[in-house]
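Visitor: Just passing along the structure, written as structure tokens.
Derivation of every value follows stated rules applied to the coordinates shown; laboratory data play no part. What you see is a predicted model; the values in this text were computed from it and never measured. No Cβ is skipped: glycine too gets one built from the backbone with ideal geometry, and neighbour counts run over all protein chains shown.
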Amino acid sequence: MRKILMLVSLAFLISLASASSVTVSVSDTTGGSGATVEVPINLEGATDVGSMDIVLSYDAAVLQAIGVEAGELGKNAYIESNTAGDGEVIIALADASGISGNGPVAVVSFEVIGDTGASSPLTLGDISVHDIERVEVITTTTDGTFSVTDETSSAGYESAGVLAIGAILMALFVIKRRK
């Protein structure tokens, strides 16, 4: 009995010593009221991650989740998400070949509905990470903050207007030269 107990203890210690770890993080992000912003969920130190469950919480008075897509690290993963919860995005992903490296595993798109000056915590909770052998991976998290700035959602449209005016002037110039 004593030998069995020692063997089980040794196996447990070996599994702890060989357990990998990964950091899951959300960076601080900004955007203007009415804009659509992308918030990446990043991995650091990932080695053969086979599956992940992630819950990202936010202030529903500031942001409204509209979608989740794979990030660079998760491009081969099967991803399911639920953005219907008020102030919460639930993400599950699996990759049989394993995810390794540093970078975004998923990207959450939000519509900014808060006023300038408002902010929202971006809190990672209920994180579960397993490697391709279904062994739980030790996980640390780093939360972020979203801040509503005075950027306008029409950013980019000004340059399209200038381009359109330029195209019209060019067309008038060509027409006038042909006469």
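Visitor: Check residue 88: other-chain or 5+ apart residues with amide H under 5 Å from its amide H, H built from backbone geometry?
Guide: 58
Visitor: Taking K and R as +1 and D and E as -1, what net charge do the other residues with C-beta under 13 Å from the C-beta of residue 125 add up to?
Guide: -4
Visitor: Let me ask you something else. Give me the net charge of residue 34's neighbourhood, meaning all other residues with Cβ under 11 Å from the Cβ of residue 34; Lys, Arg count +1, Asp, Glu -1. Please report the intermediate quantities before stating the final value.
Guide: On the way: positive: none; negative: 111, 115, 151.
Spelling it out: positives minus negatives among the neighbours equals -3.
Visitor: Relative to a virtual label point 7 Å from the Cα of residue 128 in the Cα→beta-carbon direction, which members of segment 38-58 show backbone nitrogen distances below 16 Å?
Guide: Under cut-off, by backbone N: 50-56.
Visitor: Between the DSSP loop rule and a limit of at most 12 other Cβ atoms within 10 Å, which GluC sites (Glu not before Pro) in segment 53-145 are left?
Guide: 133
Visitor: Hey, for a label at residue 150 modelled as a point 7 Å past Cα toward Cβ, could you say which residues of segment 115-135 have their backbone N under 15 Å away?
Guide: What the label zone holds, given the 15 Å backbone N cut-off, is 115-118.
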